[in-house]
Each structure stands twice: as structure tokens, then as C-alpha cells.
């Protein structure tokens, strides 16, 4: 298992959120932590896990960095009325550094299908670099 499992989880969570928002663009939608992590792991007292907290933190980070916009949180369950920013949409449409004639969003989808942490890490870094170049 990777020593940087929290970074791998962050990359996966943000990739899932971006794919869902891209597939629903331009319509705002709710993003629920349980749908992203596929883990419902509150303890017997209803206290949410660290994994759950990291996922909601990743969603809020995307908003703080202006990659997405959202209207409000849904308690600790997720965010509502989320949508990609224009800059994020452009970055997802850009071509990856691999020289392949597909877009970054297609590479993110491929990495998710392959379940490759290294591929996902590489393409997410490219996405963030492209996003920063468009601000």
C-alpha cells in the first residue's frame, strides 16, 4: 500500500467529482461523499470517519481553488448545486502532455477505469497545471 494513501484518495475523490460534474455540465448537481467514496462508515454514534472528512475536505478545496462552485453544504454529507468553473472546463478539454489526441478528462476516465494510482496522480497534476495556466 502506498505511503501517501491520503494523496491517492484525494486524487480519486477529486477525479470522481470532476467526472460527475463534467458529465452533468452545465447543470448544477449535488455531490455526496458516500457516492464518491462508496464507503458508509459512520460509527455506532453517527460520528463520521476521517476518510469521510477528507472527502468533504477535498470537495471544499476544489471550491476554494475555484475549480468548482457550489451553493451550500449538505451537512457533512456533501455539497449542493455544484458546477465546474469555466476555467476547469477548459482545463479538462485541454490535451495532456502525453501527446495522445484525447483530452485530460478522457485521461482521467481512463486512469479511473485502470484503477492506477500513478496514472491518476500524473493526469491530475496535469489538470491542475493546465487549470493554473488558465487563471
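The values are calculated or read from the model by the stated rules, or taken from the named source; none is laboratory data. Quantities reported herein were computed from a predicted structural model and do not represent experimental measurements. All Cβ positions, glycine included, derive from the backbone under ideal geometry; neighbour counts span all protein chains shown.
Could you grab me the full set of residues in segment 88-105 that are more than 14 Å from the chain's Cα centre (by Cα) and either on the phi < 0 side of the Ramachandran plot or surrounded by 17 or more Cβ atoms within 10 Å (Cβ to Cβ) (or both)? Can you show your working first?
Here is the first cut: in segment 88-105, the residues more than 14 Å from the chain's Cα centre (by Cα) are 90, 93-103.
90, 93, 94, 95, 96, 97, 98, 100, 101, 102, 103 - these are the residues of segment 88-105 that are more than 14 Å from the chain's Cα centre (by Cα) and either on the phi < 0 side of the Ramachandran plot or surrounded by 17 or more Cβ atoms within 10 Å (Cβ to Cβ) (or both).
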Given (1) farther than 16 Å from residue 20 by Cβ; (2) within 16 Å of the chain's Cα centre (by Cα); (3) at pLDDT below 95, identify the lone condition not met by residue 45.
(2)
